[in-house]
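Single-structure report; data block below.
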Amino acid sequence: MGIERTFSIIKPDGVERNLVGKIIGRFEEEGLRPVAIRRQHLSQAEAEGFYAVHSERPFFGELVEFMTRSPVVLMALEGENAVARNREIMGATNPSEAADNTLRKLYAESIGENTVHGSDSAENAAIEIAYFFPASTVG
Ligand code: IDP
Ligand code: MG
């Protein structure tokens, strides 16, 4: 609780549809500010490493293929209770189960292509931010 940081990705389906501004705008409206941000086309090794926890899941290959299809936007977000707040704004993994007005309800087209990633704990947020952003590049 208190001011904390979380890690966010606007996934390829969001970037392809020019939703970057709308999504970042929503985070800012909700009190989450980007303290690091970069657009990047992930390599297979970067996507596999990032999602290593899911490597035994049946959808792993599909997930890595999707995440490397085209560029993503990587962000560290800072704000009050940022980890849980971001998960609330994103909504459920499956957009058909996501609450009204969540990013996934508004924009996602399937459980796989679900537009945004957000850390699930403060501990994982720190790991995920460090995976993509050297400390000197986080404001
Ligand atoms: P989360 O992104 O809501 O935390 P996780 O269970 O951690 O959801 O899954 C990571 C990502 O893997 C999801 O966001 C989605 O892109 C993908 N994924 C999860 N479950 C499935 C599935 O059943 N089929 C295809 N892709 C999936
Ligand atoms: Mg997750």
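List the relative contact order of the chain as a percent without decimals, with contacts defined as Cα pairs under 8 Å and 6+ residues apart.
Relative contact order, the chain: 38 percent.
The range 28-95 has equivalent-ellipsoid semi-axes of 25, 16, 10 Å, by the square roots of 5 times the alpha carbon gyration tensor eigenvalues, sorted largest first. Per-residue Cβ neighbour counts within 10 Å put Ile3, Ile127, Ile23 in the sequence Ile3, Ile127, Ile23, beginning with the fewest. With contacts taken as Cα pairs under 8 Å at a separation of at least 6 residues, the range 46-120 carries a relative contact order of 22 percent.
With Cβ to Cβ distances under 15 Å as the rule, what net charge do the other residues near Ala84 carry (K, R +1; D, E -1)?
Counting the neighbours of Ala84, the net charge comes to -4.
Largest first and in whole Å, the equivalent-ellipsoid semi-axes of the chain read 20, 18, 14, each the square root of five times a Cα gyration tensor eigenvalue. For the chain, the 222 nm mean residue ellipticity estimated from helices alone, with every DSSP H stretch of n ≥ 4 adding -39500 (n - 2.57) and the total spread over all residues, rounds to -10500 deg cm²/dmol.
Read-outs throughout are calculated quantities, based only on the coordinates presented, and are distinct from any laboratory measurement. Everything quoted here is computed from the prediction, not taken from an experiment. Here the Cβ is made from the backbone with ideal geometry for all residues, glycine too, and neighbour counts use every protein chain on show.
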